[in-house]
Structures are given as structure tokens and as C-alpha cells.
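The values are calculated or read from the model by the stated rules, or taken from the named source; none is laboratory data. Predicted, not measured: the structure shown is a model, and the values here were computed from it. Here the Cβ is made from the backbone with ideal geometry for all residues, glycine too, and neighbour counts use every protein chain on show. Please note that ligands, DNA and RNA were not included when accessible areas were found on the heavy atoms of the full protein model with its side chains. Shrake-Rupley method; radii C 1.70, N 1.55, O 1.52, S 1.80 Å.
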Amino acid sequence: MAQVRNKQVILRDYVSGFPKESDMKIVDSIITLKLPQGSNELLLKNLYLSCDPYMRILMTKDTSAGLGAHTPGFPLTGCGVSKVLESGHQDYKKGDLVWGITKWEEYSLVPATGMFKIEHTDVPLSYYTGILGMPGMTAYAGFFEVGSPKKGDNVFVSAASGAVGQLVGQFAKLTGCYVVGSAGSKEKVDLLKNKFGYDEAFNYKEELDLNATLKRHFPEGIDIYFENVGSKTLDAVLLNMRLHGRIPVCGMISQYNLTQPEGVTNLAHLIFKRIRMEGFVVSDYYHLYTKFLEFILPLIKEGKVVYVEDIAEGLENGPAALVGLYSGHNVGKKVVVVAHE
């Protein structure tokens, strides 16, 4: 039985406020590359790891979000792309490529439950951390299933250049909508307009009056707001929604690092304008994954949907990559490369 070094990213302790690189540490452990006797789990070699904003929620002892929690002294968990080294489950065999929940380490022993076998390898494998994985499904389910778009709708997307937002805007354009996005830098605004086909975009950090900004971009109001940030943006959006507007609530990244969440003052507009505001969790829609692949793969191959990744090489750079999400350092989908094969 081969014993090999297993580099890991360990959570030191529960996090308060903005996470820091020092909240995590890189350790070298030893793993035996052999399934325990009678195990029905998968022994994986991790290739790509996904940096996602929701991971901050898991760094606290509070589990009220229902997403679970990381355990201090143990590796972080998150979405990743892996190769099966040994399988105790009948649906998987040695050599299979999979994506799903794994650990932030070189080799992992994980349950087969919730894993997706990768059948299409004529696209970059890293895409299964993004456009073909959890963020892609999030954009698809949130926009089409929760947002119920119609041709001609006015759509606003916050955090629009991120892993999910860049896809929502493109899906909206394919549906025949008018789309505006907000992001946190000139580089990202340029990306939205020139790469992802947004009709308009703005840097929210430069806007002193978000209400006025939205009125300028949406003189007739907003039909769909794809919510990624919460707080002042949501408050301004509520003033600018149209009758029977829809707000799919995907995330609230502005709130994840606060000890005291910020309030929203314009919720009465949900009543006045008969707005449907609905939170969703992507795992509720994984039954649509095959349908999603049938939709998205031809669009990728025909160049009708594009995707931007921000790659960090090496597990040792994982903590900096993850922390950078919360100050907007990433441009596109942040991916940590553990191994290329």
C-alpha cells in the first residue's frame, strides 16, 4: 500500500470578520492510497478546486444557514474536479473524472453521494468548477427557473463579472433581454461590455447615488434583478423594480464578513409592485443537470457563451485565492490548480 505526502489547507479556527490568509495553514500529512476494507467511498486525486463566496459562511460556528461548517483543524471543503484512484461504489471506477464536494488537499477520501461523473472532456476540465459545475447550474437555475425571463425583460445583475454573474448576463442576452451589470473595477466593467455582451455596466464604487444610477440605466424599471450582493444595492433596486418583477436571490456577499448584518429599508416595494423575491440553493436544481449540459455545451462549442477563469497555480496559493474573493481581486471564476493530471 503506497503512502504518499498529502498537502492540505487547514482551517486554524473559526473566522470573525473578513477572512485572512493566516486563518488557514498549509500542512503536509501522509495518506495511504488504499480504500479502507468494505468502504463504498471514493479515493480521489484532486485536480482543480473552486473558490466560492459561500465558503466564508462555512468558516463560522453558526450553522443556521443550513450549509454545514468547516471544522477547525481539518481541511476546507468545497467543489472540485478530481480523478478516481480507487472506488468502493459501483457507479465509479478507477480513472473516472468527477466533480463535486471534495477537500482542499491533494488526495481525498469522500462519499460518492453527490458526485457527478464527467462525460464530456472536449472542454477544459477546470470548467467543471465553473461554467459546467456548481456556478453554471446556479446561473441557469436562478435565471431560468426562479427568474422566469421573457424576451424584452430589463435585467440587472450585481457581482456581474463573477463566476455566476458573467453567465447570467449572457443567458439574458440569449433570451432577448436588455442587460446591465455592476462590478467593482474599470477592468471588470470593460469585461462585461466587451467580453460578455452586457448592454451597459457600471463600477458601483464610483456611484454616489445607486438609485439615480439605476434610474439612468433603467428609465422604465427593472423586470429581473439577479441578486448577488445585498445591502445598499438591493435597497436601491427595490425602488426601481417594475410591477411583477422577480428577484432571484443567489447570494449576499456584502454581508458574509459582517458581525452585524445591514438592514434593508425599502422592502415595502415588494408589496407596492407585487415583486416576487425568492432565495434558492443550487442543490435543489441538480436534477436538471443533464438538461443544463444539453443547453450549455453547444453554446460553448459554438462560441455563443464565453467564460473567464482566474487561475491560481498550486494548493499553497489556495488561501490567498480564496481570501481575494472578498476584496474583489478575482477577475472571473477563481480556480486553484492542485494538479494538471
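Some notes on this structure:
- Largest first, the extents of the alpha carbon coordinates of the range 135-283 on the three principal axes equal 35, 35, 30 Å.
- Rounded to whole numbers, the Karplus 3J(HN,Hα) couplings from phi for the range 177-188 are 9, 8, 10, 10, x, 10, 8, x, 7, 4, 4, 6 Hz, using 6.51 cos²θ - 1.76 cosθ + 1.60 with θ = phi - 60°, and x at Gly and Pro.
- Furthest towards positive pole of dipole, TRP99, GLY332, PRO298, structure part the chain, Cβ charges: PRO298
- In the range 60-112, the inverse of the mean reciprocal separation of distinct Cα atoms equals 12.6 Å; this is its Kirkwood hydrodynamic radius.
- Exposure of SER254 as accessible area (Å², to 10), given a probe of 1.4 Å and all protein chains: 50
- With Cα atoms, 0 to 90° folded angle of helix 289-301 axis to the chain main axis: 80
- Rg and Dmax [Cα atoms of the range 1-72; Å; Rg one decimal, Dmax integer]: 15.1, 43
- Over the range 289-337, equivalent-ellipsoid semi-axes from the Cα gyration tensor in Å: 28, 12, 10
- In the chain, a dipole from Cβ-located charges (positive for Lys and Arg, negative for Asp and Glu) runs towards its positive end, and of CYS51, VAL180, ALA268 it is ALA268 whose Cα lies farthest in that direction.
- Relative contact order computed over the chain (Cα-Cα under 8 Å; 6+ residues apart), in percent: 18
- Normalised Debye scattering of the range 135-223 at q = 0.12, 0.13, 0.20, 0.25 Å⁻¹ gives log10 I(q)/I(0) of -0.32, -0.37, -0.89, -1.29, counting only Cα atoms as equal scatterers and leaving out solvent.
- Separation of the GLU262 and PHE74 label points, Cα + 7 Å toward Cβ, nm: 3.4
- Rounded to the nearest whole Hz, the Karplus-based 3J(HN,Hα) values (6.51 cos²θ - 1.76 cosθ + 1.60, θ = phi - 60°) of the range 30-39 follow the sequence 10, 10, 8, 7, 8, 5, x, 4, x, 6, with x at glycine and proline.
- Surface analysis of the chain yields an accessible area of 44 Å² per residue, using protein heavy atoms and a 1.4 Å probe.
- Violating pairs (Cα-Cα greater than 24 angstrom) within the set LYS103/LYS186; LYS103/LYS205; LYS186/LYS291; LYS193/LYS273; LYS103/LYS232; LYS83/LYS333: LYS103/LYS186; LYS103/LYS205; LYS186/LYS291; LYS193/LYS273; LYS103/LYS232
- Highest GNM mean-square fluctuation among PRO72, PRO124, PRO53, for the chain modelled with Cα contacts below 10 Å: PRO124.
- Expressed as a whole percent, the accessible area of the chain that falls on carbon and sulfur atoms is 51 (1.4 Å probe).
- In Å², nearest 10: area of PHE295 left accessible to a 1.4 Å probe: 60
- In this calculation the C-beta distance from GLU119 to GLU86 is compared with R0 = 22 Å, giving a FRET efficiency of 0.60.
- Checking every one of the trypsin sites (Lys or Arg not before Pro) in the range 262-341 against DSSP loop status and a limit of 12 other Cβ atoms within 10 Å picks out ARG274.
- The average projected area of the chain, computed from the convex hull of its Cα atoms over all directions, is 17.1 nm².
- With the convex hull drawn over the C-alpha atoms of the range 73-191, the volume per residue is 155 Å³.
- Paramagnetic reach from ASN203 in the range 170-193 [backbone N under 13 Å; point 7 Å along Cα→Cβ]: 183-191
- FRET efficiency for the pair ASP62 and GLU145, taken as 1/(1 + (r/R0)^6) with r the Cβ-Cβ distance and R0 = 25 Å, rounds to 0.30.
- Electrostatic dipole magnitude of the chain [Cβ: Lys, Arg +1; Asp, Glu -1; Cα centre; debye, to 20]: 300
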